[in-house]
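Structure, as structure tokens:
The numbers here are math on the coordinates, done by the rules we state, and not lab data. Values in this document were obtained by computation on a predicted structure and should not be read as measured data. A quick note on method: Cβ atoms are made from the backbone with ideal geometry, for glycine too, and the neighbour counts reach across all protein chains shown.
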Amino acid sequence: MMCRFLIAEQRTVNAEINLKTPYSPEWAMLLDLYEAEHAGAIVSLSALWAVTDIPTTNAFRRTQRLLARGIIERRRDRRDRRRTDVGLSETTRSSMNAVMDRLVHRLPKRTPDGPEIG
């Protein structure tokens with residue numbers, strides 16, 4: 001849920017206020033992969049590119065940089081060997097866990113009735 005929120009936050013600000021906040025397609029890719037792994041889903045390259053909201057050629061280049069840096073990894077699809085799936089590297093998964101833990105701890109605490117505490 002946190003991943004979807006973070007992606008939507010960037011898009012909403014850009015669309016509604018026209019601030020043109022720094023949008024990171026790479027961050028959107030990592031959030032999508034993180035969420036997919038927690039849901040037990042497999043992500044294809046084309047599905048990963050779709051989450052970026054940038055042209056496919058640009059998404060392809062950015063994916064290649066993430067692969068070259070070892071941030072994400074290619075995985076052969078077990079059912080269709082023509083397809084290439086992608087996932088987080090072990091190091092990136094660990095880093096994403098730490099990021100999400102820190103973000104969740106920054107959320108305001110709420111009572112069962114909803115108002116913030118402290």
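Against the 2.2 N^0.38 Å scaling, with N counting residues, where does the range 44-93 land? I'd like the Cα-based Rg ratio to two decimal places.
1.13
With each pseudo-label sitting 7 Å past Cα toward Cβ, what's the Lys109-Thr57 distance in nm, one decimal?
Label at Lys109, label at Thr57, 5.3 nm between them.
What's the extension gain from Asp80 to Ser46 if we count 0.36 nm per residue and subtract their Cα-Cα distance?
Stretched out fully, the Asp80 to Ser46 stretch lengthens by 10.8 nm.
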